[in-house]
Every structure is written in C-alpha cells, then in structure tokens.
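Single-structure report; data block below.
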Amino acid sequence: MIRHNGQQGPAPLLRPVGLGDLRLPNRVVMAPLTRARATNPERTPTELHAAYYAQRASAGLIVSESVWVSERAVGFSNVPGLYSDAQVVAWREVTDVVHALGGRIVAQLWHAGANSHPDHLGGRVPRGPSAVNPGETSYTPTGPKPTVTPEAMTRADIRCAVADYRTAAEQAQRAGFDGVEIAAGGTYLIAQFLNPRLNQRTDVYGERRGRFALEVFDEVAAVWGAGRVGVRISPFWSSRDRPVADQQRAGYPYVADERTLAGYDELVAQLDERGLGFLHLRGPAPSGAPDLGAFARYRALLRGALIANHGFDRDSAIEVIESGVADAVSFARPFIANPDLVTRFALDQSLATSDPSTHYTGGREGLVTYPIYAAP
Ligand SMILES: Cc1cc2nc3c(=O)[nH]c(=O)nc-3n(C[C@H](O)[C@H](O)[C@H](O)COP(=O)(O)O)c2cc1C
C-alpha cells in the first residue's frame, strides 16, 4: 500500500518537464557531486563511475560531478577531467550506460582558478582574477592545504581559460553527454570573477564582473546551442555555509551582500536573454526548510527554467514546484545515499543518510554500496 506522510502525493515531482532543449520524465535532478574517485594519473573516470551513475539513472537529469576543463584548471585531487581523448573514451562508457537505462546526463565543467594550489600545477602559482588570496583550502595529493596568493590573469590567460571551456564542451559532445552545466558556484574561477572582493580588476572583466561568465557561456553555447547549456550559481555562498572556524576568520571573501547579489542579478538576466537551458541555483544554507524567497528573486529574473537546490526534501520540493518558483529540484546528499531516490519519493519511502567520511574517499565504499529501499 502506498503511504503518504503529508497531504501531498508525489505527482508534481513525477511530472515531465522541459529544461531548455532537455526533456525530463520527472523533476528529481541529481545535483553535481565531487566524489574524488578518479584515482589515476590520467584523471579518467573508471568502471566505478559507470556503476555509480547507472544506479542513479532514474533521475530526471544527472548533473555529473565537476570535471576539469584542462590541466590548468585542476584544483582538487582525484577529480576526473574532460579534455583528453582517454577521458572522452572513459566518459563514453558512463553516458552509454546511463542512456541504455533511459537516463540523461550533462557534464559539469569546472575550473578551480585561485582555489587551486602549486601542488596541483607542477609548482606554478595558480591564477585568478586578481592577486588576492581567497583564503580557502585546496585538497592536494598530500592533504588539504591553504590557498596561496594567485597571479592575476592576463588577457591571454583569460582567452586560454575561455578556450579550455570550449574544448571541454566539444569533448563532452564526443563523450555522449546530453549537454553541459557551467560550474559558476562555490569558490571557484567563475565565482571568483563574480566576487567584488576577489575581482579587483580595473579592466572590462572588473567593470562587469559577469563578463567572464558570459564569454564562457557564449563559447560553450556555440558548441551545444544555448538550450543545452545550464549554469550553476551559488550567489548566497557565505560564511554560513562553512565550518565555524572559517566563519570566525576576519575578511571572509564570500559574502552575499547587495553589491555581490546585484552582479549575479545582471548575469542571470543576460544569460536568460541568451536563452540558457536552465539556471541551477544553490540557495542559502537552510536552517530549517529552504527559504523560497531567495529562489523567487531569480524566478522573477528568468523566463527560462530554474532548478532549485540546497536542503530540499520531498515535501519542500513539492512546495517549490507547486508554487511555480522552480521547475525542478536537485538533490545532492540524498542521491549519495539513495540511488533509487525517485522511487522513494514516488512511494514516500524513508531515506537513508549519507556518511560524510566516504564523500570524498573510499573507493567503492560509500559510492556504489548504498542499497535500494528494502521493503519491511
Ligand atoms: C560530497 C559533495 C560534493 C559536491 N560536489 C559538488 C560539485 O562537484 N559541484 C557543485 O556545483 N556542487 C557540489 N556540491 C554541492 C551540492 O551539489 C549541493 O549544492 C549541496 O550538497 C546542497 O544540496 P543538498 O542539500 O541536496 O545536499 C557537493 C556537495 C557535496 C556534499
């Protein structure tokens, strides 16, 4: 017998939806999840990746873990890339099995920028929008290390970075993905350009902090068509998202003040004009249920599709879709521990909780070992 804990049935989550040129059979999206399992010098995904994504192919859409757009972009250990031909061949195994099981998968394109470390770059100092240390941590082969003061990117560096995104977008097509998502959230290169404390440039990339993001979008959209390109932002990223020790550090650079938010508003409006496939919005860190007002700010700026993320459960996901604020909802930690999340929502079954100690390490343990729901 089907159990319902609230008044609402699962219907809104199970209704098909179009996100740009992508057609989803349901609105339960798997959010991007770095799992650091590409433990090989070529940074290629392995058969474990294929098994992990295959287990989750019933998602309306899978957004892959972040993948490097080039060697220059690297800033976290054991994360796969999408620039070499060997990586394309290995990713093809993943996309083929997801498609064979009826799923869809887009590649999330990542560049760490100033959030890298010389240990990742053969001793070279990382580059970012300006020579300002972001005060973050980089996960190097010998453990977490504090970031250093980067070199400010020259115009040539910016051209190279934009070209790297284009190459990765082309490789994503060869690898059989259904589209791409540009990672513009967290503390990484595009978010650094959008951040007035880290982007102190006096050229066009400083006058319009969203310019770099738009150049990347235009290059990637030239490969895929805008309707198959999503952009993920986390404008509210701030000390509230971080451990207390970080919050106490003076001068924490990621603060969702009005100046920062205004830059994001401008970017979102311009992406919408270009017909982006979807905006994937990581909202503020919720203290209880997600704050729908934060998502509504972006709904008002968009004609296109919106995926909401951060702290949603079945009921709050139904609410944000029913209210018209979001078209789909993405789940990160719930998808780690519940490969059959869509079925669990459909049948209102209880959810397992992921073990943070295996989020980023552990080989198959904590990656492909979470079972589907066992009926009592
Ligand atoms: C282990 C782990 C890895 C993550 N990796 C990525 C990533 O590669 N790219 C990204 O944009 N967000 C990443 N995130 C953020 C999630 O996509 C998501 O925004 C966050 O977990 C909040 O969603 P949730 O409440 O459904 O877990 C990661 C989160 C976790 C817990």
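Does any residue of segment 11-24 turn out to be under 24 Å from S357 (Cα atoms) and under 19 Å from the mean Cα position of the chain (by Cα)? So that I can check it myself, show each step before the final result.
Of the residues in segment 11-24, the ones under 24 Å from S357 (Cα atoms) are none.
No - not one qualifying residue is present in segment 11-24.
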Residue check, G206 closer than 26 Å to S238 by Cβ and either assigned to a loop (DSSP other than H, G, I, E, B) or open to solvent by less than 30 Å² (accessible area, probe 1.4 Å) (or both): yes
So, of the residues in segment 254-304 that are among the hydrophobic types (A, V, I, L, M, F, W, C) and assigned to a loop (DSSP other than H, G, I, E, B), which turns out to be farthest from V231 (Cα to Cα)? A289
Would you check if there is a residue in segment 269-292 being crowded, with 17+ Cβ neighbours inside 10 Å, modelled with pLDDT under 95 and more than 20 Å from A31 (Cα to Cα)? no
When the residues of segment 173-214 are filtered to those that are more than 27 Å from G283 (Cα to Cα) and within 20 Å of the chain's Cα centre (by Cα), which remaining residue is nearest to the ligand (Cβ to nearest atom)? A175
Quick one: in segment 359-376, which of the residues that are of a type in the set (F, W, Y) and open to solvent by less than 70 Å² (accessible area, probe 1.4 Å) is nearest to N26 (Cα to Cα)? Y373
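Name the single residue, out of those in segment 317-331 being assigned to a helix (DSSP H, G or I) and open to solvent by 40 Å² or more (accessible area, probe 1.4 Å), that is farthest from the ligand (Cβ to nearest atom). Walk me through how you get there before you give the answer.
Restricting attention to segment 317-331, the residues satisfying the condition of being assigned to a helix (DSSP H, G or I) are 317-322.
Still in the running and open to solvent by 40 Å² or more (accessible area, probe 1.4 Å): 319, 322.
Working: E319: 15, E322: 19 Å.
Residue satisfying both the conditions and the ranking: E322.
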Identity of the residue in segment 269-316, over 18 Å from the mean Cα position of the chain (by Cα) and among the polar types (S, T, N, Q), that ends up nearest to the ligand (Cβ to nearest atom): S316
Scanning segment 339-351 residue by residue, those assigned to a loop (DSSP other than H, G, I, E, B) and either surrounded by fewer than 17 Cβ atoms within 10 Å (Cβ to Cβ) or more than 15 Å from the ligand (Cβ to nearest atom) (or both) turn out to be D340, D348, Q349, S350, L351
Residue satisfying all of: in segment 293-306; closer than 24 Å to R211 by Cβ and not hydrophobic (A, V, I, L, M, F, W, C); surrounded by the fewest Cβ atoms within 10 Å (Cβ to Cβ) among these: R303
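Within the group P334, P356, which residue is without any contact (Cβ under 8 Å) to a residue 60 or more places away in the chain, under 16 Å from R27 (Cβ atoms) and either charged (D, E, K, R) or within 13 Å of the ligand (Cβ to nearest atom) (or both)?
Numbers: P356 fails: under 16 Å from R27 (Cβ atoms).
It is P334.
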Selection within segment 215-225 - under 11 Å from L276 (Cα atoms), touching a helix residue (DSSP H, G or I) at 6+ places or on another chain (Cβ under 9 Å) and surrounded by fewer than 21 Cβ atoms within 10 Å (Cβ to Cβ): D218
Residues to consider are A31, A59, A86; find the one that is away from the ligand (no atom under 16 Å from the Cβ) and either over 19 Å from the mean Cα position of the chain (by Cα) or within 20 Å of G230 (Cβ to Cβ) (or both). A86
Of all strands (runs of 3 or more DSSP E) completely enclosed by segment 12-124, which ones contain at least 1 residues that are open to solvent by 30 Å² or more (accessible area, probe 1.4 Å), in contact with a strand residue (DSSP E or B) (Cβ under 9 Å, 6 or more places away or on another chain) and closer than 29 Å to V325 by Cα? 17-19, 22-24
Do we find a residue being in contact with a helix residue (DSSP H, G or I) (Cβ under 9 Å, 6 or more places away or on another chain) and part of a loop (DSSP other than H, G, I, E, B) anywhere in segment 157-173? no
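The values are calculated or read from the model by the stated rules, or taken from the named source; none is laboratory data. What you are looking at is a predicted structure, and each value in this text was computed from that prediction instead of being measured. No Cβ is skipped: glycine too gets one built from the backbone with ideal geometry, and neighbour counts run over all protein chains shown. All accessible areas refer to the heavy atoms of the entire protein, side chains included, with ligands and DNA or RNA removed. Shrake-Rupley method; radii C 1.70, N 1.55, O 1.52, S 1.80 Å.
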